[in-house]
Structures are given as C-alpha cells and as structure tokens.
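This report concerns only the one structure given below.
The values are calculated or read from the model by the stated rules, or taken from the named source; none is laboratory data. Small disclaimer: the values here were computed from a predicted structure and weren't measured. Cβ placement follows ideal geometry from the backbone for every residue including glycine, while neighbour counts extend to all protein chains displayed.
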C-alpha cells in the first residue's frame, strides 16, 4: 500500500546522493505542459517562470508533473499581478493553473507564470476530507499536521470579513478564491444592520499565512483540512478499504504525465465547495478508480551525436550515444541522467517531467583567464596552467598573459598556475555561464642596479637569484631586470667571469628596485716592452692570492684590456710565454695598470730578444768583416803603389 510513498521518499534521498549538492538546483529539469486553446506543447521552466504571449488566445492552462517540486504559484499580466479567483477566470490548484482570458478585466501582452518550490507528490493519490472536521483559525500562521496514514494536502478556508476587497491580500500562499457571499446581519438593539462577506478559498499547500494588517477586518475564520494518501500506482490502482470507510468525502487526484494515456476517465461534476475541481480535469470520484486504464509511450531523449547518454530510471540503466528511447512503466519515478563527451562528464540532470520527447543540448561554456602580477600588469612570460574538475586534469602553457577556453562543461573547477614548477596562484570557480576570470598571481619583478666601488655601472655581469625559484639573467650597463618571479626571500649572487663578487638577500613582496655599490673596480691593463713600446696580442693569466686562476686574458690590438677585480686584494699577472710574473694590488679609484715586460721584441705573445741579440752579433760580424775586407784592399793598393 505504501509502495509509491516509499518510492517518493527514496527519490528525494537519491537526489542528494546521486548529484553533487552544488549542482542540485541548476540541474533539475522541469517541463511544463502549456495548453493554449486546446493545443499542447512542452516548455522547459527556466528561472522559475514562464512567459506566454497572449495574442488572441482565450484559455491558457499550465501544468507540471506531480514529481516536480516547482508548482505554479503566481500569475501576472505584463507587470500586474492577477489574483486567483474562479469568477474572474483564474485558478491555481496543486499542479495546475488555468487563465480564462475572456474573463479578465485587464488587458496585456504577456502572461507570466511564476513557480515556487513545494513538496512533490505521487502522480496518483486519494484526496480526503470530512465536513465535520472544522477548525477555527486563531493565529496568522497555519500548519497542517499528518493524520495517519494520510498526509496534509491543503485546506478549505472560510473567512467572514467586513471588506470584500480583502480577498486578494488576506491569504499569503497558494490559494484560489472560490466564491464571495454577502450576509446581512440585523442589529435590533440599535435598529441597524451590518453586512459581512463570506470568502471561501481552496489552499493547496500544507501551510499558509495570513496578512496581519488585514486581520482587524476579519470577524471569524475557520478551515476544513484536506488530506491525501498515496495510491499504489499499478495498471489497476487499488484504494484501501479502510480509507474508503473512514472518511465521508473521497476523490482521486491523478496528474497524468505526458507519456501516459488514461481511458474511462470522467472528472467530477459536483456543486459543492470543491467545485474548483470541476475545472480541474485531474479529479475523479473514488468509485471510478477501478474503471481506469493506463498505458505508456516511450520517452525519446536526444542530444549531440558525440555525447553519451546514461540514464537511470526505476532501477534500470540505459545508455547510448546521441539518443535514447526509454520505456517507462509503474511505478513512475524521477529520471537521473548523465552526459559524457570524450569520457568527460559534461552534464548531470534530474528529470522531473515525463514528456514524450526531450532534447538536451550539452551545457558548455567559454571561459577566459587573464593573469596579472601583484602590480596588475599582464604576465608576459611562460607560465603553466592546470585545471582540475573532479578527477580530470588539463594542462595549458601560455606566454601572453591570457588563456581562452571554449566548450567546457559546468561544474566546480580548481585552477593552479605554475611558474617553472612553483605555484603562484590557486583558486576555485564555479562555471555555470560564460565567464572572464582575472587571476592575480603571487609574482612581481625585481630591478637591480649595481656599480663599481667608484660608482661606475658594471658593464657585463650575471645575476643568480636563489629562492622559491632559481632565476638567472645577464646584466648590462649596471642593470638587470627579473620580471614576474614568485614572491618570497631570495639570495642574489652577482658574478663576473664566473666568479661571485657580491651577495645580497632580498625579500620580494611587490615590485622592488634596489641599487647596490659593490667592492670591485674595473681595472685596465696595458703591456709594454722594456723600452716602453705597447705590446698587443699578449696572453696572460690573472691569479688571486689563493692561487686560483680568475681569468685568462689576451690584450687587444690597442694593447689594453679591462676586467673587474675586488678592491684591496692582491693579484698576480702571469705571462707563461715570457715566464714572467707581475704582482699588483687593486686600490679604489686607481684602475689603470701598466705592465712592462722584460723583453724588447714580442711577436705573437712570445719574446724574441735572443734572436735580436743574435742578429745584432751577425751584423757586428758582418760589419767587422766588411771593415777588414776594406782594410785589406786598402793595404794591397798601397803595396802596388810602392812597387811602382
């Protein structure tokens, strides 16, 4: 007997377990059956309201399935609210709204129906009440209680008031005014009469409130509670005998889903306070229940061809790409649906409306990220972006500060931004529409100016910054710029010719610019021979006081070379080719060094003084020989003259 009630209860529990809490509200799909002058169509309810053009239509009905938690609650013509009243052609009851446009006293272009959340009910239940169960309303908030085994459905409410226009604002809730009756009361003791108005309503919710400001015009107010009992929904519905005997008035409420057909269905035609149901084609007398016949037609669900549909209904699983045909039977329950594309979950839904055909377009959105440093400037160098959703990971590498992604499914994402493996940003965002997301990363820039002891910019050097990230950069003309590095504490090491000449600690929390005066000087070295003539292309080694070779130098054609050395330190200049060593000390501001080598002739970095001396000796010998030859010739000439 309680089978369907248990199904509904388990369904509500399943909603919380099958679908993530963050997605429950946005992924419950509810379709309304909109009937305009007898022509029906199904429209998805978006944003908890529907808008229907009036045009020349006469009667508009809007109905939702009982399983839906969204029920029609209010109706507006353009921006003017229409209050439900049978006489004025508007009524709202449970899952159904009807507007008879020919009875409206106002005109408009758009009929807007608002929906509110109410407890879902089974598609078939017995509606019960007793005329003898009359309760006076003494408070401004009425909550109906269970009457086991039945549940509260709503109430028939009667109010005696002094102002008939009070009917619009007296009840705050889901109601329809059935009738307004006028009663004249004679007051004999003053020989006068007074007029009271009897307002009768059907309230189709287990609780309702009264307008406090209107209560001073209420003389008396009471209600008759209405209850419902879920029926065992089978092809031959069964009504418990116990319920039939205990209550005097019993009706069957059947809200047939769009996929269901019913035959031998005759609505009630009674002229009593339930004449509201004369307008509602979903109510029959309990005696007619056994003559009803039900039949189902399939539900066709379609989507994009590359999308895999997985559906769970009545404990069975169906799956296919692009489309599915579902054969539904009793008991009727919610449909749980998941959509996958390329093995990625791109949609998760609960269908509360069982209609013949549903087309689901995958919810895919575009998201654009812009990445800024602490100063709000674009990060224009290489960064890595990781996007996590559920158990999936996507990795992107960019260098222009922007990342545009198209066709991403809704859900909660985690974004992590890395700079050479160091995390510089982490955040979460919920994607339920196209978005532009700015990311302010924990990076900034460091600008360093470094000079010699005498204040001149160091022409060429290397900076190594050790911290959250190790960064290297070459500096020129005394400046180096480290752009968009992770925030934190760094040790800066400055190198010339591979030798560290300076270290500094710096804490980077935002853009930082520092100037550093170092303990080095640029030393200019020129080489000369013994007589002071410049020598070029001479190779030499610079060795520090600990015997380490700092640099191997070769002077230029201008016979000079420059290098940076620490002040107040003693160095040795060694010329291996000449087997010559020269010791010197670097002092501040004294940066020019003249080195005379013990050699007269240096060619290609080698001393040729030996050959010079040898040449000189040869020349001397030649000269002496020439002189002797000349001397001998002169003697011979003299002898010849004597002989003559």
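The figures follow:
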item: Residues of the stretch 271-297 that turn out to be modelled with pLDDT under 75, in a loop (DSSP other than H, G, I, E, B) and closer than 23 Å to residue 255 by Cβ, as a count; result: 6
item: Residues satisfying the stated conditions in the stretch 407-444, i.e. at positive phi and either under 8 Å from the mean Cα position of the chain (by Cα) or in the same structural domain as residue 510 (by TED's automatic domain parsing) (or both); result: 411
item: Given (1) touching a strand residue (DSSP E or B) at 6+ places or on another chain (Cβ under 6 Å); (2) closer than 30 Å to residue 261 by Cβ; (3) surrounded by fewer than 22 Cβ atoms within 10 Å (Cβ to Cβ), index of the condition residue 74 fails; result: (2)
item: Strands (runs of 3 or more DSSP E) completely within the stretch 548-587 that count 2 or more residues being touching a strand residue (DSSP E or B) at 6+ places or on another chain (Cβ under 8 Å) and without any contact (Cβ under 8 Å) to a residue 24 or more places away in the chain; result: 549-554, 580-585
item: Output for the stretch 359-374, where each listed residue is surrounded by fewer than 14 Cβ atoms within 10 Å (Cβ to Cβ) and either at pLDDT 90 or above or not in a loop (DSSP other than H, G, I, E, B) (or both); result: 359
item: Test: residue in the stretch 179-189 that is closer than 21 Å to residue 71 by Cβ, in contact with a strand residue (DSSP E or B) (Cβ under 9 Å, 6 or more places away or on another chain) and modelled with pLDDT of 90 or more; result: no
item: Which listed residue is under 17 Å from residue 39 (Cβ atoms) and touching a strand residue (DSSP E or B) at 6+ places or on another chain (Cβ under 6 Å), from 99, 64; result: 99
item: Residue within the stretch 390-400 that is more than 16 Å from residue 440 (Cα to Cα) and touching a residue at least 40 places away in the same chain (Cβ under 8 Å) present; result: yes
item: Qualifying residue in the stretch 595-606 (condition: at pLDDT below 75, part of a helix (DSSP H, G or I) and loosely packed, with under 12 Cβ neighbours inside 10 Å); result: no
item: Residue 139 exposed (fewer than 12 other Cβ atoms within 10 Å of the Cβ) and under 30 Å from residue 292 (Cα atoms); result: no
item: Residue count for the stretch 142-168, restricted to those that are farther than 17 Å from residue 201 by Cα and surrounded by fewer than 14 Cβ atoms within 10 Å (Cβ to Cβ); result: 3
item: Looking only at the stretch 44-57, and only at residues there that are free of Cβ contacts under 8 Å to residues at least 60 places away in the same chain and surrounded by 14 or more Cβ atoms within 10 Å (Cβ to Cβ), the one that is nearest to residue 69 (Cα to Cα); result: 44
item: Test: residue 494 is in the same structural domain as residue 481 (by TED's automatic domain parsing), touching a strand residue (DSSP E or B) at 6+ places or on another chain (Cβ under 7 Å) and crowded, with 16+ Cβ neighbours inside 10 Å; result: yes
item: Residues of the stretch 298-342 that turn out to be surrounded by fewer than 16 Cβ atoms within 10 Å (Cβ to Cβ) and closer than 30 Å to residue 250 by Cα, as a count; result: 2
item: Residue within the stretch 83-90 that is buried (at least 21 other Cβ atoms within 10 Å of the Cβ) and in the same structural domain as residue 204 (by TED's automatic domain parsing) present; result: no
